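**Student:** Provided herewith is a single structure, encoded as structure tokens, for subsequent inquiry.
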Amino acid sequence: MPSASTKAAATLAAADTRLAPGTAGYRRTSLALFAAGLAAFALLYSTQALLPALSASFGTGASAASWTVSAATGALALCVLPLSALSERFGRRAVMIGSLSVAVAVGLLVPFAPNLESLIALRAVQGAALAGLPASAMAYLAEEVRPRALIGAIGLFVAGNSIGGMSGRIVTGWAAQLWGWRAGLAAVGLTSLVCLLVFRALLPRARHFTPGTLDPRALAGTVRTHLADPLLRRLYAIGALFMTVFGAVYTVIGYRLVEAPFSLPQGVIGSIFLIYLVGTVSSAAAGRLVGRLGRRGALYLAVSTTAAGLLLSLSDALAAVVAGLVLITAGFFAGHAVASSAVSRAATTGRAQASALYQSAYYLGSSAGGTLGAVAFHAGGWTGTVLLGLAAVLGVVSITLYGTHSARAAERRLRPAAV
């Protein structure tokens, strides 16, 4: 016969009205946020595979052209927190739909930018608009999905990001080779419009959202509380450093592959981003990694994989470079999924702000990585970019080691009291 504790657990599970795997609501939510993540990353990084073409079109170097990426990610980082506050008042679903709608509208205008300055300005507006999506999505999942299924649901959202980043770059690469970079950006805008319509049609209305306040003092207090939490601070720093590596590598890789000894055409360079499929797998598998290795163990594995990929990419053999990109991508997406889901679980109040702070750090890392990666490439070639990435990887290792040491010290302090 079942024990009393087993019966109690079954009763609690039955009373939990949040979404569980296998239900129609969970499937709709997963697919809707997958589509949203796909559109967001396709739009956010739509110019990244086109940087060599933009440099040629506007007669500028890698550092200037990289601002078409960094302006978008930097604006997103700055606007995540205020837009997440709107989601506390008006609801996650409304903010996500509004955010993605504006970003798609700007995406349809971007191909008509007359010069590089106008393109950078439009990209900044697009990044600011997208800021309402990531933190609100994390908070929506934390409220609407059962805790045991949370990391899997967030993993699927991140997987949508990886496929969006991949497909956007492939589409822009081949369209640019055939019809020019403007056609490439137009194709991404139209694809994202389809994703927006799917997202709006499928995403269920929130059942567990409680409206909060727009009081700036309350918001500042929530932010201070999160920034005072040592675990959250470490997770924010880890997200920023992982994204510094990823932003640097994928901003510069097109310039490396278009030069000797590779001399690849634009369409083939865009196809390199098929490697993002690896990120889809590794982010979706993050939950299993945490189950087997623990959060810190999963982070050690992710960072080791990333570092190995950076070193392997130093080779002048195309196969080795591709293999290095595979490892970098797998390590990055696994690390991001682990860190972002840990933020959602660690924050018991003000989840949107906690996720917003993570997203701010994450996209500031992307902006810094893109700009610094281009500068490092200009100064020292691909080796300079790899050294920048390894420095960021070392930062992740140091933070994770410190977290491990702090946790063990806390356990030792508690043992005498338990005796």
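The values are calculated or read from the model by the stated rules, or taken from the named source; none is laboratory data. Treat the numbers as computed from the prediction; the structure is a model and nothing was measured. Here Cβ is always computed from backbone atoms with ideal geometry, including for glycine, and neighbour counts include all displayed protein chains. When the accessible area is computed, the model is the full protein with side chains, heavy atoms only, and any ligands, DNA or RNA have been set aside. Shrake-Rupley method; radii C 1.70, N 1.55, O 1.52, S 1.80 Å.
**Student:** Please work out how much accessible surface His336 shows to a 1.4 Å probe, ignoring ligands, DNA and RNA, in Å² rounded to 10.
**Tutor:** 10 Å²
**Student:** Okay, moving on. For region 221-346, take every pair of Cα atoms, bin their distances at 5 Å starting from 0, and report each bin as a whole percent.
**Tutor:** Each 5 Å bin holds this share of Cα pairs: 2, 11, 19, 21, 16, 12, 9, 6, 3, 2, 0.
**Student:** At 7 Å along Cα-to-Cβ for each site, give me the label-to-label distance between Arg217 and Ala24 in nm.
**Tutor:** About 4.8 nm, to one decimal.
**Student:** To continue, here is another question. Apply the Karplus parameterisation 6.51 cos²θ - 1.76 cosθ + 1.60, with θ equal to phi minus 60°, to every residue of region 43-60 and state each ³J(HN,Hα) to the nearest whole Hz, in sequence, with x for glycine and proline.
**Tutor:** Per-residue couplings from phi come out as 6, 4, 10, 5, 8, 5, 6, 9, 4, x, 5, 5, 4, 5, 5, 9, x, 9 Hz.
**Student:** On a 0 to 90° scale, report how tilted helix 67-90 is relative to the longest principal axis of the chain, with both axes built from alpha carbons and the result rounded to the nearest 10.
**Tutor:** 30 degrees
**Student:** With a 1.4 Å probe and every protein chain kept in, tell me what percent of the accessible surface of the chain is carbon plus sulfur.
**Tutor:** Details: 11270 of 16690 Å².
The C+S portion of the solvent-accessible surface of the chain is 68 percent.
**Student:** Right, here's the next one. Would you kindly find the accessible area of Ile163, with a 1.4 Å probe and non-protein molecules such as ligands, DNA and RNA excluded, rounding to the nearest 10 Å²?
**Tutor:** Around 40 Å² of this residue is reachable by solvent.
**Student:** For region 63-195, state the semi-axes of the equivalent ellipsoid (square roots of 5 times the eigenvalues of the alpha-carbon gyration tensor), sorted largest first and rounded to whole angstrom. Show your work: numbers first, answer last.
**Tutor:** Values: eigenvalues 159, 60, 30 Å².
Semi-axes (√(5λ), whole Å): 28, 17, 12.
**Student:** Working out 0.36 nm times the residue gap between Val198 and Leu231, then minus their Cα-Cα distance, what length gain in nm do you get to one decimal? All intermediate terms of the calculation are to be shown ahead of the outcome.
**Tutor:** Values: separation 33, 0.36 × 33 = 11.88 nm, distance 3.61 nm.
Once the chain is fully extended between Val198 and Leu231, it gains 8.3 nm.
**Student:** Related question: Thinking of region 339-392 as a set of Cα atoms, what percent of all their pairs are more than 17 Å apart? List each step's numbers first, then the result.
**Tutor:** On the way: 710 of 1431 pairs.
When all Cα pairs of region 339-392 are counted, 50 percent exceed 17 Å.
**Student:** Using only the Cα atoms, work out Rg/Rh for the chain, with Rh taken as the Kirkwood radius, to two decimals. Walk me through the intermediate numbers first.
**Tutor:** Numbers: Rg = 21.3 Å, Rh = 21.6 Å.
The Rg/Rh ratio comes out at 0.98.
**Student:** In Å², what does the accessible area per residue of the chain work out to with a 1.4 Å probe? Write down the numbers at each step before the final one.
**Tutor:** Details: 16690 Å² over 419 residues.
Solvent-accessible surface per residue comes out at 40 Å².
**Student:** Taking amide hydrogens as modeled 1.01 Å from N in the peptide plane, which residues meet the under 5 Å criterion relative to Leu19, leaving out close sequence neighbours?
**Tutor:** Val145, Arg146
**Student:** If each residue of separation counts as 0.36 nm, what is the full-extension length gain between His378 and Leu190 once their alpha-carbon separation is subtracted?
**Tutor:** Details: separation 188, 0.36 × 188 = 67.68 nm, distance 3.40 nm.
Computed gain between His378 and Leu190 is 64.3 nm.
**Student:** Right, something else. As a test of reading the structure, rank Cys195, Cys79 by solvent-accessible area (1.4 Å probe, protein chains only), most first.
**Tutor:** On the way: Cys195 15, Cys79 40 Å².
Order by accessible area, largest first: Cys79, Cys195.
**Student:** What is the spread of the Cα atoms of region 302-414 along each of their three principal axes, largest first, in whole Å?
**Tutor:** 52, 31, 23
**Student:** Moving to a separate point now. Taking the 0 to 90 degree range and rounding to the nearest ten, how far is the long axis of helix 92-109 tilted relative to the main principal axis of the chain, both from C-alpha atoms?
**Tutor:** It works out to around 0 degrees.
**Student:** A further question on this structure: Exposed loop sites here are trypsin sites (Lys or Arg not before Pro) in DSSP loop states with at most 14 other C-beta atoms within 10 Å. What is the longest stretch of the chain lacking them? Please report the intermediate quantities before stating the final value.
**Tutor:** Values: sites that count: Arg205, Arg207.
Maximal segment without exposed cleavage sites: 208-419.
**Student:** Can you tell me the orientation of helix 216-228 relative to the chain, as the angle in degrees between its alpha-carbon axis and the longest Cα principal axis, to the nearest 10?
**Tutor:** Once rounded, one gets 90 degrees.
**Student:** Go through region 167-183 residue by residue and turn each phi into a ³J(HN,Hα) via Karplus (6.51, -1.76, 1.60, θ = phi - 60°); whole Hz please, and just put x for glycine and proline.
**Tutor:** Listing the rounded values in order: 5, x, 6, 5, 4, 5, x, 6, 5, 5, 5, 8, 10, x, 5, 5, 5 Hz.
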